[in-house]
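Notes for the one structure printed next.
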Amino acid sequence: MFEHVHTSDPRELRSLRGEIRAFLAEELARGAFKPAPNSWMIHDREFSKRCAAAGFVGMILPTAFGGRGRTIVERHVVFEELLAAGAPVAAHWIADRQSAPQILRHGSEELKQRVLPRIAAGDCTFAIGMSEPDVGSDLASVKTRAEASDGGWRLYGTKLWTSNAQRADYMVALCRTGAPEPNRHSNLTQFLVDLRRPGVSVRPIQNINGDEDFCEVHFDGYHVPDSEVLGKPGDGWALVMRELVAERSGPDRFLSTYPVLARALAGSHPVPLRAAAEIGRLVVNLGALQAMSLSVATAAQSGHSPEIEAIIVKDAGTTFEQELPAVVRKALGIRPGRSTGDDLRDLLGTALLYAPSFSLRGGTREIIRGIIARAVISQ
Amino acid sequence: MTDSIALAEASIDRLLQRGTDRDQTGADLLSAGMFDVLLAEEQAFETAAALVKVAARHATDLPLSGPMMARWLADRAGLTGVPEVAGFALPGNPPTGWLERSDGRLVTAGYLQGVPDGPNGLVAVLPLDGAPWVVFIAKASGLGEAHDLAGQRHRSIVLDGLTIADGGAAPLPITASTPLVVAAFLTAAQLLGAMETCLTLSTRYAGERRQFGRPIAQFQAVQHLCARIAVGVATVRVAVTHAARALDRGGGVLEVAIAKSKASEIAEEIAAVAHQIHGAIGFTNEYPLGVFTRRLLSWRDEYGDETFWNGIVGTAAIRWSTQTWSHLVDAGPGTDDDLRAVLDNADLVP
Ligand SMILES: Cc1cc2nc3c(=O)[nH]c(=O)nc-3n(C[C@H](O)[C@H](O)[C@H](O)COP(=O)(O)OP(=O)(O)OC[C@H]3O[C@@H](n4cnc5c(N)ncnc54)[C@H](O)[C@@H]3O)c2cc1C
């Protein structure tokens, strides 16, 4: 667990940061977006396409598939800058973060040719099909089933809490393709689902902030050709575990509410002198987490697979992004609201209402701590 | 971690494991050059952090970071007549002690508080007409004595009228706030070492202690306590390594502020959680845990506690306003200059 801390020299990343900041400043200047918390759930396909045109999507995909052939650390830095600016990146976020690498590793050649260039162009939204009505933390108990049929498979069942499914082109769905034998991780398979084809229906669900971010997705015999199966049938559990590593350690696990702090420091509500240490503590925590998360990316780039380190970043990071709005509220003595006309009060309101989800999505805090504990106790 | 640092860690580990005789171990540390590491051309800070961390893992009561600071400052300032192993002290801000000129000689005045006890005199940073000087104080009378939570003896030292020997004082050749920054950094590394031992003791105990017919490590509530310690150790480990490498690159004020703030804050959580895991046995002086938790609760207050360093960063961040993110991740020279300006004006009682 971070026995060997990998670090990147910040000086070597400055010019790339300069490029992405220049792109974001231009977008802001022409009013293309307003900085918002939780911006990796805000869908704006035109923004994603411009982001891709500027070279900031598909960065680690091979150039043969429209990618940029950049490093993991370079991509990480771009992810950081996009989220710190509160930019609306949902249209390409999931695809870029986890689905594209998954397809690159496990997809058929035909699938790679067809889908990866669209992802790299910022013109392809992906959804994650893991959870179900009766399947949350206990992911191995998935009930959505796939039955072999005419040159492929037919899917039956329901996925739930599928973020952005109503706006997505594709979903990667984890389904049961046989009995849970010899163990419960056996006979699970990941399928690519084209959400525009027949046999699948999507119902958006409103969250406590009033937004429709996630959905229920129902399969009624949706047909998957063999060329759209990921990996070997039955190997789905190993695939999904690998995918979760990518899902858990990135900047999206500590920067979700940073735009609130940025706004608080911008000066519209003066920070009382006695609150300097409270605000300073948030900045200190941000710096500590940024270092940890970048260290995981740097280790991954050097060929390691820092799984426990990634999970530790998720635990510490989501705690931070959850407490940030609460600390700002107390330190500045302001009342969060919605459509108050005061940017900071509105941002705080949104961040406070989204905060409970941070330690649920991507694995709950309890599950995450269990994994960390098993790793250190068995050492 | 490069090989040379791994080797340094292994060699101090061996010395401290073997050492039963305190004087002999001290002599071994000296002859192995452990007090000189801050003078190295390369990786000085990362090596120093590794050594004090390993020493703290062993809860040795031999002073290491103080003599390192003393050697380093005496050497940089070109002092002569300083013993190989001396103590180190800072006068706080505003300073409680200072240098004066009297009949063409330098004399000290005022007092120093909370100075760790040691036989060989003291290297201190004291102002002369407002500019910081490095001073060797060979002998001084202690006034009262106190013990910190770790059991370390501290004295207040009366400086009035002590004449400094020739070659015993020179202007500080580095930025005024650097001695505090480096001392805080070494303290964070010490805290890390003690935390690592708390993690080892806690996970081992959880695996061995049985209740209700099974190891308590099988209870989820206990597992989550272990996870909290692990996350704390990981956070401080990364922060201290970052600070070390930034210092070795010639910067590091921001990174040290982060490392010392996090180490001080997390010290409290780890001490509390480790005791919870251990039950009553951990609360006794017959079991080693208390040696480490008492050090955590004591060291976190040395060279600026978490509120001090948070205040430094917060004050700078309010000035940085919308540029805070770029100051934080680009960590350029301007960032450290701004932090030093805040540090120079911050009140600090040692
Ligand atoms: C905003 C949001 C977006 C999401 N987006 C997606 C998505 O795009 N795709 C997708 O597949 N899923 C998504 N999810 C679902 C998410 O992965 C699940 O919410 C999560 O895995 C937990 O499942 P659950 O909600 O069913 O809670 P449960 O698993 O029922 O847990 C309820 C409570 O019990 C605790 N608990 C459960 N098991 C244990 C245990 N063994 N030990 C201790 N405590 C336990 C949990 O920690 C939690 O506190 C999203 C969720 C949210 C909130």
Residues within the stretch A:150-178 that are touching a Ser or Thr at 6+ places or on another chain (Cβ under 8 Å), within 12 Å of the ligand (Cβ to nearest atom) and of a type in the set (Gly, Ala, Ser), tallied: 2
Selected residue (only one of A:Ala297, A:Ala326 is of a type in the set (Gly, Ala, Ser), more than 11 Å from chain B (Cβ to nearest Cβ) and within 18 Å of the chain's Cα centre (by Cα)): A:Ala297
Contacts under 8 angstrom Cβ, first residue in the stretch A:141-168 being assigned by TED's automatic domain parsing to the domain that holds A:Phe219, partner within 11 Å of the ligand (Cβ to nearest atom) and open to solvent by 60 Å² or more (accessible area, probe 1.4 Å), 6 or more apart: A:Ser141/A:Asp134; A:Lys143/A:Asp134; A:Thr158/A:Pro133; A:Leu160/A:Pro133
Search result, residues across the stretch B:295-345 that are facing chain A (nearest Cβ under 9 Å), more than 16 Å from B:Ala184 (Cβ to Cβ) and aliphatic (A, V, I, L, M): B:Ala317, B:Ile318, B:Leu328, B:Val329, B:Ala331
Candidate set: the stretch A:48-72, residues that are assigned to a helix (DSSP H, G or I) and open to solvent by 10 Å² or more (accessible area, probe 1.4 Å); chosen: the one farthest from the other protein chains (Cβ to nearest Cβ): A:Ala64
Test: residue in the stretch B:20-40 that is in contact (Cβ under 8 Å) with a residue 24 or more places away in the chain and in a loop (DSSP other than H, G, I, E, B): no
Residue list for the stretch A:51-69, filter: β-branched (Val, Ile, Thr) and either under 17 Å from the mean Cα position of the chain (by Cα) or outside the structural domain of A:Arg105 (by TED's automatic domain parsing) (or both): A:Val57, A:Ile60
Residue match in the stretch A:341-363 (condition: within 13 Å of chain B (Cβ to nearest Cβ), within 12 Å of the ligand (Cβ to nearest atom) and surrounded by fewer than 15 Cβ atoms within 10 Å (Cβ to Cβ)): no
Sole residue being crowded, with 21+ Cβ neighbours inside 10 Å, at pLDDT 95 or above, farther than 20 Å from A:Tyr258 by Cβ and within 16 Å of the ligand (Cβ to nearest atom), chosen from A:Arg374, A:Arg369: A:Arg369
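Could you tell me whether any residue of the stretch A:33-40 is outside the structural domain of A:Gly349 (by TED's automatic domain parsing) and not in a loop (DSSP other than H, G, I, E, B)?
yes
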Selected residue (only one of B:Ala227, B:Ala194, B:Ala183 is more than 30 Å from B:Pro127 (Cα to Cα), assigned to a helix (DSSP H, G or I) and away from chain A (no Cβ under 14 Å)): B:Ala194
All positions within the stretch A:195-217 that are buried (at least 17 other Cβ atoms within 10 Å of the Cβ) and away from the ligand (no atom under 14 Å from the Cβ): A:Val200
Restricting the stretch A:118-149 to residues that are small (Gly, Ala, Ser) and within 11 Å of the ligand (Cβ to nearest atom), the residue that is most open to solvent (accessible area, probe 1.4 Å): A:Ser137
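The values are calculated or read from the model by the stated rules, or taken from the named source; none is laboratory data. Source: prediction; values computed, not measured. Positions of Cβ are backbone-derived with ideal geometry, glycine not excepted, and every protein chain shown enters the neighbour counts. What goes into the accessible areas is simple: the full protein's heavy atoms, side chains included, and nothing from ligands, DNA or RNA. Shrake-Rupley method; radii C 1.70, N 1.55, O 1.52, S 1.80 Å.
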